[in-house]
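Take this structure, written in structure tokens, and hold onto it; I'll ask about it next.
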Amino acid sequence: MTSHPKNKDQHIDQSEINASGNESDTKTQEDTTSSSVNARPIITQSETKTFENTELKLESGATLSPFTIAYESYGTLNADKSNAILVCHALTGDQYAASKHPVTGKEGWWEILVGPGKPIDTDKYFVICTNVIGGCMGSTGPASINPETGKTYGLEFPVITIGDMVKAQVHLIDSLGIDQLFCVIGGSMGGMQVLQWASKYSARVFSAIPIATAARHSSQNIAFHEVGRQAVMADPEWKGGRYLEEKTNPRKGLAVARMAAHITYLSDEALHSKFGRNLQEREKITFGFDADFQVESYLRHQGFRFVDRFDANSYLYITRAMDYFDLFAEHNGILAGAFQNTKTRFCVVSFTSDWLFPTRDSRQIVHALTANAANVSFVDIASEKGHDAFLLDEPEMISAIRGFISAGAKQKGLSASGIQKDPS
Amino acid sequence: MSNNQEQQNTLSTIRHDHLIIKSMISPNARVLDIGCGDGALLELLREEKNVDGRGIEISQKNVNHAVAKGLSVIQGDADSDLVNYPDKSFDYAVLSLTIQATKNPKLVLEQLLRIADYAIVSFPNFGHWKIRWQILAFGRMPVTDKLPEQWYDTPNIHFCTVKDFATLCKTINAKVEEAITINGYGKELSDNIPLFVHNLLGREAVFLLSKN
């Protein structure tokens, strides 16, 4: 790999970058010079595209129209539109993969992978990250206004699926004039979207990187989601889902849901090595129900930080979408049927301590792909960090993804055909 | 750091059996390398024969290393995972210095010929004179620079000689398209010498097989 000069003064002219189409666009542009991680600014666009006259037909039979997709893009689409990478976010993620979060002010959730000189190199690729349908960061979701009533949808919002999320993304990719995505990548629920893309739209996916994911949501995972939903719905401030109109906020319920879920993202070893039985700013236990232990304090903090940036109803809808995901069932119980005659290159990634989406789930995907003699790589990364490892600095994951993506670019001839050269 | 490592790996000497295997494979072929290690052969074939290569490797560490080099490799076991592949999905299935470590070499060989049009198998020849000499003279299981493990910690559980392997090919009705043996210096032995000499002087053998 080439090394990247650190050029902080570089000015990027963004006036040339413009998306066209009949859809109404609102657009903000900004130079993201996020301090420590990326020394060089990324060409970042924050966009909200509303599809006014397009019907999004959902798997439930319902229709969403109009619908809006909020997304971030990084880098520049090349002339033949062959260098696009779609990054799919997880359950509580959003489109801010490599740009500052507007609510929390934190840096992007996947800057470990996305940025100049990173494996998903924003100097080379046009990187798109959309907020999923059902989300709460600008894409149409339960907090949006229902055009039929003029009020927020709340529980009138139709139940959406992973397939629906991807279908909405397909509309966006179409509107950008992109025939084939160079790569679709994502972890956890993002990985489900990757599998859905590769299965349903395989000709439009040159390469796919499903990370820490499964082709169907397990019974245990559905169970955890149900606990989270019940916690939200048990909060009196939830008001049957109409809290926005009632001007209440089911913060406590959503925080408990997050706390329970957060445990599943870690691992016994990770919790033990991070907290052990250490006490929180005290010498001894208090014989009460304060957060005596550091791990309690940590979880409470995680819970309450989460509710500031996430909508409770979105949490219900998106967890449901994951529960319903089952690529086996869609192919009469045989997963191999999902990838028949696929030409897509796959890199499947799992982590040894991930008990939410254990390695065996990834292995099932790999077996289904080999049954089709598909081009597949599979790395199981030794990590004690649990499911969350896919968001963290795991050098083996990063080098595997870097190797896989650059080999794909070579195979697709991307290095030769109009990838933006280093502008310095 | 890793760049240096990669460079060293590319510059390091290429295994003798890999060179012979390379010579047997036609350009642009679809190749499955079973027990591919860190992907050295796949890399060689990708660079010089432009093959569409895949690998299976039992060691996760090797797999991660190979994937980081941009190779399509999965973690798996020759004994249990070949059944997942459809018939005739590759032009060549390669088993280089791996068959002696499989639990059921006969089944594995049959799987190779099911998955691919051609199977290429390289293996250390247990009939080599040095090995015979160690058993004869010292009465001990042989330990050589190529087979450095003691009998109790070796992954190699099914050694065979060139003659043994030729017999197995007959048993499973495989056609020997080409058979090459190399001596301790990596030099190919002449075609004109009789089989028993190959079996005595060949340190490693490479067989190209097809289904009869």
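The values are calculated or read from the model by the stated rules, or taken from the named source; none is laboratory data. Everything numeric in this text was worked out from a predicted model, so none of it was measured. No Cβ is skipped: glycine too gets one built from the backbone with ideal geometry, and neighbour counts run over all protein chains shown.
Going through segment A:271-301 one residue at a time, which ones are farther than 22 Å from A:GLY228 by Cα and among the hydrophobic types (A, V, I, L, M, F, W, C)?
A:PHE275, A:LEU279, A:ILE285, A:PHE287, A:PHE293
Within segment A:386-404, track down each residue that is facing chain B (nearest Cβ under 7 Å) and of a type in the set (Phe, Trp, Tyr).
A:PHE404, the sole residue that qualifies.
Going by the conditions given, is A:ILE318 closer than 20 Å to A:SER219 by Cβ and surrounded by fewer than 22 Cβ atoms within 10 Å (Cβ to Cβ)?
no
Here's another thing I want to ask about it. Name the residue that is nearest to the chain's Cα centre (by Cα), counting only residues in segment B:77-105 that are within 12 Å of chain A (Cβ to nearest Cβ) and crowded, with 17+ Cβ neighbours inside 10 Å.
For segment B:77-105, the residue satisfying everything is B:ALA93.
Related question: Out of the residues in segment A:154-191 that are small (Gly, Ala, Ser) and out of contact with any helix residue (DSSP H, G or I) (no Cβ under 9 Å at 6 or more places or on another chain), which is surrounded by the fewest Cβ atoms within 10 Å (Cβ to Cβ)? Before the answer, list the steps.
Going through segment A:154-191, the residues small (Gly, Ala, Ser) turn out to be A:154, A:163, A:168, A:175, A:177, A:186-188, A:190-191.
Narrowing further to those that are out of contact with any helix residue (DSSP H, G or I) (no Cβ under 9 Å at 6 or more places or on another chain): A:168, A:175, A:177.
Details: A:ALA168: 26, A:SER175: 18, A:GLY177: 12.
In this case the residue turns out to be A:GLY177.
Separate question: Which pairs turn up if I take residues in segment B:157-176 that are at positive phi and look for partners that are among the hydrophobic types (A, V, I, L, M, F, W, C) with beta carbon separation below 6 Å, at least 6 apart in sequence or on another chain?
The qualifying pairs do not exist here.
List the strands (runs of 3 or more DSSP E) inside segment A:40-117, counting only whole elements, that have at least 2 residues being surrounded by fewer than 24 Cβ atoms within 10 Å (Cβ to Cβ). Working first, answer last.
Working: elements: A:42-51, A:67-74, A:84-88.
Per the criteria, A:42-51, A:67-74.
Run down A:PHE304, A:PHE206 and say which single residue is among the aromatic types (Phe, Trp, Tyr), farther than 26 Å from A:LEU86 by Cα and in contact (Cβ under 8 Å) with a residue 12 or more places away in the chain.
Answer to the selection: A:PHE304.
If I ask for residues that are in a loop (DSSP other than H, G, I, E, B) and at pLDDT 90 or above, which ones from segment A:394-424 would you list? I'd like the intermediate steps shown before the answer.
Initially, segment A:394-424 is screened for residues in a loop (DSSP other than H, G, I, E, B), giving A:394, A:412-424.
Answer for segment A:394-424, where residues must be in a loop (DSSP other than H, G, I, E, B) and at pLDDT 90 or above: A:GLU394, A:LYS412, A:GLY413.
To keep it simple, each residue is scored yes or no on (1) facing another protein chain (nearest Cβ under 9 Å); (2) under 24 Å from B:ASP77 (Cα atoms); (3) modelled with pLDDT of 95 or more; (4) part of a helix (DSSP H, G or I).
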site: A:SER353; (1), (2), (3), (4): no, yes, yes, no
site: A:PHE357; (1), (2), (3), (4): no, yes, yes, no
site: A:SER362; (1), (2), (3), (4): no, yes, yes, yes
site: A:ALA373; (1), (2), (3), (4): yes, yes, no, no
site: A:PHE378; (1), (2), (3), (4): yes, yes, yes, no
site: A:GLU384; (1), (2), (3), (4): no, no, yes, no
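What tally of residues in segment A:237-269 results from selecting those that are on the phi > 0 side of the Ramachandran plot and among the small types (Gly, Ala, Ser)?
2
A follow-up question, please. Please go through (1) touching an Asp or Glu at 6+ places or on another chain (Cβ under 8 Å); (2) on the phi > 0 side of the Ramachandran plot for A:ALA321 and return the number of the only condition it doesn't satisfy.
(2)
Could you figure out which of (1) out of contact with any helix residue (DSSP H, G or I) (no Cβ under 7 Å at 6 or more places or on another chain); (2) under 26 Å from A:GLY163 (Cα atoms) isn't true of A:GLY75?
(2)
Scan segment B:136-173 for residues that are closer than 20 Å to B:GLY186 by Cβ and part of a helix (DSSP H, G or I) and jot them down.
Correct list: B:VAL162, B:PHE165.
So if I check each of A:THR213, A:THR264, which one is part of a helix (DSSP H, G or I), in contact with a helix residue (DSSP H, G or I) (Cβ under 7 Å, 6 or more places away or on another chain) and of a type in the set (Val, Ile, Thr)?
A:THR264
Quick one: A:ALA291 ticks every box in (1) under 22 Å from A:GLY163 (Cα atoms); (2) modelled with pLDDT under 95 except a single one, so which number is it?
Every listed condition holds for A:ALA291 apart from (1).
Is it true that some residue in segment A:218-228 is part of a loop (DSSP other than H, G, I, E, B) and touching a helix residue (DSSP H, G or I) at 6+ places or on another chain (Cβ under 7 Å)?
No.
How many of the residues making up segment B:139-170 are surrounded by 10 or more Cβ atoms within 10 Å (Cβ to Cβ) and either touching a His at 6+ places or on another chain (Cβ under 7 Å) or farther than 27 Å from B:ILE58 by Cα (or both)?
Qualifying residue count for the region: 5.
Hey, can you tell me all the residues within segment A:312-351 that are farther than 26 Å from A:MET397 by Cα, assigned to a loop (DSSP other than H, G, I, E, B) and of a type in the set (A, V, I, L, M, F, W, C)?
Listed by number, the residues that qualify are A:PHE328, A:ILE334.
Let me spell it out: the conditions are (1) outside any loop (DSSP other than H, G, I, E, B); (2) in contact (Cβ under 8 Å) with a residue 60 or more places away in the chain; (3) not basic (Lys, Arg), and A:VAL166 meets all of them except one. Which number is the exception?
(2)
Suppose we filter B:ASP87, B:ASP91 for residues that are within 18 Å of A:ALA336 (Cβ to Cβ) and out of contact with any Cys (no Cβ under 7 Å at 6 or more places or on another chain); which single one remains?
On the way: B:ASP91 fails: within 18 Å of A:ALA336 (Cβ to Cβ).
Every option except B:ASP87 fails the conditions.
Next up: Please go through segment B:184-211 and give me each residue that is without any contact (Cβ under 8 Å) to a residue 60 or more places away in the chain and either assigned to a loop (DSSP other than H, G, I, E, B) or among the hydroxyl-bearing types (Ser, Thr, Tyr) (or both), ordered by number.
Answer for segment B:184-211, where residues must be without any contact (Cβ under 8 Å) to a residue 60 or more places away in the chain and either assigned to a loop (DSSP other than H, G, I, E, B) or among the hydroxyl-bearing types (Ser, Thr, Tyr) (or both): B:GLY184, B:TYR185, B:LYS187, B:LEU189, B:SER190, B:ASP191, B:ASN192, B:ILE193, B:PRO194.
Also: Could you check segment B:11-71 for helices (runs of 4 or more DSSP H) lying wholly inside it with 2 or more residues that are more than 12 Å from chain A (Cβ to nearest Cβ) and closer than 21 Å to A:GLY408 by Cα? Step through it out loud before you land on a result.
Values: elements: B:16-24, B:40-49, B:60-68.
It comes to B:40-49.
Every residue in segment A:353-408 that is surrounded by fewer than 24 Cβ atoms within 10 Å (Cβ to Cβ) and among the acidic types (Asp, Glu), please.
A:ASP361, A:ASP380, A:GLU384, A:ASP388, A:ASP393, A:GLU394, A:GLU396, listed by residue number.
Also, quick follow-up: What is the residue count in segment B:52-71 for residues that are buried (at least 24 other Cβ atoms within 10 Å of the Cβ) and among the polar types (S, T, N, Q)?
Summing the residues that are buried (at least 24 other Cβ atoms within 10 Å of the Cβ) and among the polar types (S, T, N, Q) in segment B:52-71 gives 1.
Output the residues belonging to segment A:44-61 that are over 18 Å from the mean Cα position of the chain (by Cα) and either polar (S, T, N, Q) or within 20 Å of A:TYR96 (Cβ to Cβ) (or both).
Of everything in segment A:44-61, those that are over 18 Å from the mean Cα position of the chain (by Cα) and either polar (S, T, N, Q) or within 20 Å of A:TYR96 (Cβ to Cβ) (or both) turn out to be A:LYS49, A:THR50, A:ASN53, A:THR54, A:SER60.
Could you please give the count of residues in segment B:8-41 that are closer than 20 Å to B:GLN111 by Cα, touching a helix residue (DSSP H, G or I) at 6+ places or on another chain (Cβ under 9 Å) and hydrophobic (A, V, I, L, M, F, W, C)?
7
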